[in-house]
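Since every read-out is calculated from the coordinates, none of them should be taken as a lab result. All values reported here derive from a predicted model rather than from experimental measurement. When we count neighbours, we look across all protein chains shown, and the Cβ atoms used for this are built from the backbone with ideal geometry, even at glycine.
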Amino acid sequence: MRKITYNLAAAPQVNGRAFALRAVLLVLASLLLGFIAVAHQAGRSGKGRPATVGAGAIAAQMDEMQRQGRRRAAELASWKKAMKRALATVNYLIARKGFSLVSRLDFLEKNFSPGIRIRQLSLANEDDGRMRMTITARSLQELFALYKRLAPYELAISSESQVGDEYQVNMSLKVPNEKI
């Protein structure tokens, strides 16, 4: 192998023929490798897989997809049926429920003013919805306004007393079951 040295000084001396010969050989080698790669790829594309898929294969795929669709539709129908039964059971239990603590506490919250405090509360799980409580009020005006609001609910006052500047009352009332 011959060693090529280049002098990059003021007047470089490059052998033009040797350089041109090497450049031509390099271009020809790269073109040859490109043609070989294209020919190899063209040969592989025809051998590895069939050129077209037959109509029978497509029909088989469609039949399989339709079978899966029918199976999934049947699963969905059975799931819906089971959920409807469960929902009907839950609705039946809700309808049979005779006592709603939350609705009774909401009733008290709506009817009591800020100046009235509940000291003791007892709720019975009965159809008549009787509530017994001990309350305190800061003024007679607030207490009478409460009596007026609770009068339609069969208000029964068992005792009233004044302790300091507050009024203490033991009462009971009937709150009907409310639909939820």
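State the volume of the convex hull built on the alpha-carbon positions of the range 101-174, expressed per residue in Å³ and rounded to an integer. Could you put the intermediate results ahead of the total?
Values: hull volume 6.0 nm³, N = 74.
Measuring per residue, one finds 81 Å³ for the Cα hull of the range 101-174.
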Exercise. Out of residues 5 or more away from VAL175 or on other chains, whose amide H comes under 5 Å of its own, with H placed 1.01 Å from N in the peptide plane?
Worked result: ARG130, MET131
Exercise. Between ALA57 and VAL27, what is the label-to-label distance in nm when each label sits 7 Å out along the Cα-to-Cβ direction?
Worked result: 4.5 nm
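Applying 1/(1 + (r/R0)^6) with R0 = 30 Å to the Cβ-Cβ distance of LEU123 and TRP79, what FRET efficiency is obtained, to the nearest 0.05? Provide the component values of the computation, followed by the final result.
Working: r = 40 Å, r/R0 = 1.33.
It comes to 0.15.
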Exercise. Going through the range 64-135, which trypsin sites (Lys or Arg not before Pro) have at most 14 other Cβ atoms within 10 Å and a DSSP loop state?
Worked result: LYS97
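Looking at the range 104-158, which GluC sites (Glu not before Pro) are in a loop (DSSP not H, G, I, E or B) and have at most 16 other Cβ atoms within 10 Å?
Details: sites: GLU109, GLU126, GLU142, GLU154; in loops: GLU126, GLU154.
Sparse-neighbourhood loop GluC sites (Glu not before Pro): GLU126, GLU154.
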Seminar exercise, completed: The ³J(HN,Hα) series, computed from each phi in the range 77-88 with the Karplus coefficients 6.51, -1.76 and 1.60 at θ = phi - 60°, rounded to the nearest Hz and given as x for glycine or proline, is 5, 5, 5, 4, 5, 5, 5, 5, 5, 5, 5, 5
